[in-house]
Number of protein chains: 2
Amino acid sequence: MSFVMKSMPSSLAVAASATSTGQISSLQTFHSLLGQQHRQRPNPHRTNLRSIHNGQHRDLKTKSNKHVLILGSRGVLGSTLADHLSDEWNILGADVVPSQDSFNDYIRLPQHGSVADLSLCLYRGISQHIGDKKLDAIICASGGWAGDVDPDIGSGGEEEEEEYVKEAAGVVERMMRVNYYPVVAGSLVGQKFMNRGGMFIIIGASAALSPTPGMIGYGSSKAAAHHYLQTFGADTPVTSVGILPLMLDTPANRAMLAGDDDNDDRYTKLVKPIQIAQEIGEWIRNPHLRPHSGSLVKVIAKNRKDGSGGAAFHLVR
Amino acid sequence: MSFVMKSMPSSLAVAASATSTGQISSLQTFHSLLGQQHRQRPNPHRTNLRSIHNGQHRDLKTKSNKHVLILGSRGVLGSTLADHLSDEWNILGADVVPSQDSFNDYIRLPQHGSVADLSLCLYRGISQHIGDKKLDAIICASGGWAGDVDPDIGSGGEEEEEEYVKEAAGVVERMMRVNYYPVVAGSLVGQKFMNRGGMFIIIGASAALSPTPGMIGYGSSKAAAHHYLQTFGADTPVTSVGILPLMLDTPANRAMLAGDDDNDDRYTKLVKPIQIAQEIGEWIRNPHLRPHSGSLVKVIAKNRKDGSGGAAFHLVR
């Protein structure tokens, strides 16, 4: 017996996987496509900022000795981040899918198991890859979305009701595993491996700032991640920031909206992964542009149909 | 190797167990003591309200046919609730500890396992005990507190660091298991077994309305529970309310404050379990006194040293 996931309320929710159990990110197959698009598109904002901060301008071939860890590096957002930031910094990726050739430095994380298992695996992987060096940024780009199981489906009798209870509980637990526990693991290894003045960045969800009917497990897991980030940020010598898009522009999310791309205004509000990657790049490069530690930053996208436009980053709290 | 839990910030945090892994509630040994105290103390407020609502006055021996499920029924709060509410209603208790004789109707819950396991066990237990009847209230009184593991302890070398990461991750996961997942299980069975017009009540924590340094796992689990309650309350035909004390008056919490009871003002702010039990009793008895569904209600206690005083219930949001 299978249960249909409720369709997502319009323009709500973030991210990647609603289908596979326990994956930190799952849309790695779209990586090359997105990566290509981004490389070909000129980026005036970035060039501009580089010319302002001349001292920090670098040949793309000459990397700094900074190290950036990306959790969920094989998802749409994570791979865009890795691609964009690898121009200047050494990227260490981590995800639950098998390694491919795109990164030399990659930690394969366990898909199941306890938070301690996940955290220890990450700890050992970092230790092995960077040795005595420190990380300058940890970005938690992993996450997944699933809507509530439709309760009407479980109204056909005791067996169906039990199946409903089981499925619904499973969604709630899975959401916590993909959206909250990687944040915890990242913060714990961050305490050990990060330089003072480093950055710890998570991806939250602006939808979870209010009740989230239709996706109660997702919203609660993001609310937990927000609280964790706000507390962690108040307590540590690194700058910890939560980036909260309304909905990411990914193939899966576009398919979920299921409208007419050309005549549907909702698509212009989708936040492109590269817009987040560029902002994070600025923050790593320029400490004075960073939001204060412990803050949540909403991302509002205003993209035009010709592909131009931008995203604004507003402090929530 | 053992880790010391950080001492709790003054007058923060709620509830029961900081010591035993995975228990929904663990202070059942204090039950009879607390129960005795409450039975012997006159309760003018309750008497008063009963005389106002004469139509609902009942001989204590004659119960209504209403059924109330208490999750965490063997903890300090849960047992106080069971004791107080059993005067008028049929109580079905549920907890992870073995059954004793105090309730005929008791569901033994699994201490470990998935949220689905917990929810299914609860579903089957209710089904077995009440058959075709419905529940009029579900109260989730389970929960536990643990502070952060002290990060300084893990600074002695790689082995100690790994132990720190493991312990800290374990605390975070355990907090989610005791403070969030029972709320999920209760809500899922509530959808199937509750009367329209019933109440679903959880115990949150007013500390978790702001960042919670020193208890990041605890605060995040309560933030998740708050979000879940607010969303669930907006979406269902039952009245769902979160009660948020600052700190419960339990032997464990008194021991944690470790002050001088007689000359320490913090003790007067501890919320007595019976104060919560009385308020919930009023809500079950009188639907017009209930807060609106999806609301979080802060409890502020002002108890005098002679044992008199009271608790005020303020709407947070």
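Structural remarks
- Residue match in the range A:153-160 (condition: open to solvent by 10 Å² or more (accessible area, probe 1.4 Å) and at pLDDT 95 or above): no
- A:VAL297 vs. criteria crowded, with 18+ Cβ neighbours inside 10 Å, closer than 22 Å to A:SER79 by Cα, touching a Phe, Trp or Tyr at 6+ places or on another chain (Cβ under 9 Å) and of a type in the set (A, V, I, L, M): yes
- Among (1) crowded, with 24+ Cβ neighbours inside 10 Å; (2) not in a strand (DSSP E or B), the one test that A:ARG174 misses: (1)
- Any hit, the range A:156-173, residues being more than 8 Å from chain B (Cβ to nearest Cβ), within 22 Å of the chain's Cα centre (by Cα) and under 19 Å from B:GLY113 (Cβ atoms): yes
- Residue match in the range A:284-301 (condition: of a type in the set (Lys, Arg), under 15 Å from the mean Cα position of the chain (by Cα) and assigned to a helix (DSSP H, G or I)): no
- Within the range A:213-249, the residues that satisfy the criterion of being part of a loop (DSSP other than H, G, I, E, B) and either under 20 Å from A:VAL149 (Cβ atoms) or among the polar types (S, T, N, Q) (or both) are A:PRO213, A:GLY214, A:MET215, A:THR236.
- Some residue of the range B:189-207 being more than 11 Å from chain A (Cβ to nearest Cβ), within 14 Å of the chain's Cα centre (by Cα), closer than 24 Å to B:ARG108 by Cβ and assigned to a helix (DSSP H, G or I): no
- Within the range B:284-310, being touching a Pro at 6+ places or on another chain (Cβ under 7 Å) and either of a type in the set (Lys, Arg) or touching a residue at least 60 places away in the same chain (Cβ under 8 Å) (or both) holds for B:GLY294, B:VAL299.
- Residue check: B:SER99 meets all listed conditions (1) outside any loop (DSSP other than H, G, I, E, B); (2) farther than 23 Å from A:GLN191 by Cα but one, namely (1).
- Filter result for B:GLY219 (over 29 Å from A:PRO213 (Cα atoms) and either touching a residue at least 12 places away in the same chain (Cβ under 8 Å) or within 12 Å of chain A (Cβ to nearest Cβ) (or both)): no
- Per this entry, B:GLY147 is counted among residues that are assigned to a loop (DSSP other than H, G, I, E, B) and either open to solvent by less than 10 Å² (accessible area, probe 1.4 Å) or within 9 Å of chain A (Cβ to nearest Cβ) (or both).
- Scanning the range B:66-81 for residues that are farther than 14 Å from B:HIS129 by Cβ and out of contact with any Asp or Glu (no Cβ under 8 Å at 6 or more places or on another chain) yields B:VAL76, B:LEU77, B:SER79, B:THR80, B:LEU81.
- Filtered by the rule that a residue be more than 7 Å from every other protein chain (Cβ to nearest Cβ) and open to solvent by 20 Å² or more (accessible area, probe 1.4 Å), the range A:222-248 gives A:THR236, A:PRO237, A:THR239, A:LEU246.
- The one condition in (1) of a type in the set (A, V, I, L, M); (2) surrounded by fewer than 14 Cβ atoms within 10 Å (Cβ to Cβ); (3) within 17 Å of A:SER142 (Cα to Cα) that A:LEU289 fails to fulfil: (3)
- Within the range B:80-94, being touching a helix residue (DSSP H, G or I) at 6+ places or on another chain (Cβ under 9 Å) and not in a helix (DSSP H, G or I) holds for B:ASP87, B:GLU88, B:TRP89, B:ASN90, B:ILE91, B:LEU92, B:GLY93, B:ALA94.
- Breaking point among (1) open to solvent by 40 Å² or more (accessible area, probe 1.4 Å); (2) at negative phi, for B:ALA168: (1)
- Residues of the range B:68-124 that are more than 14 Å from every other protein chain (Cβ to nearest Cβ), open to solvent by less than 10 Å² (accessible area, probe 1.4 Å) and of a type in the set (Ser, Thr, Tyr): B:SER73, B:SER79, B:THR80.
- For the condition within 23 Å of A:LEU77 (Cβ to Cβ), among the aliphatic types (A, V, I, L, M) and more than 11 Å from chain B (Cβ to nearest Cβ), A:ALA185 does not qualify.
- Against the criterion of being in contact (Cβ under 8 Å) with a residue 60 or more places away in the chain, open to solvent by less than 10 Å² (accessible area, probe 1.4 Å) and assigned to a helix (DSSP H, G or I), A:ALA252 does not qualify.
- A:ALA224 touching a Lys or Arg at 6+ places or on another chain (Cβ under 6 Å) and of a type in the set (A, V, I, L, M): no
The values are calculated or read from the model by the stated rules, or taken from the named source; none is laboratory data. Quick caveat, the model's predicted, so the values are computed rather than measured. Here the Cβ is made from the backbone with ideal geometry for all residues, glycine too, and neighbour counts use every protein chain on show. Accessible surface is based on the protein model in full, side chains and every heavy atom, while ligands, DNA and RNA are left aside. Shrake-Rupley method; radii C 1.70, N 1.55, O 1.52, S 1.80 Å.
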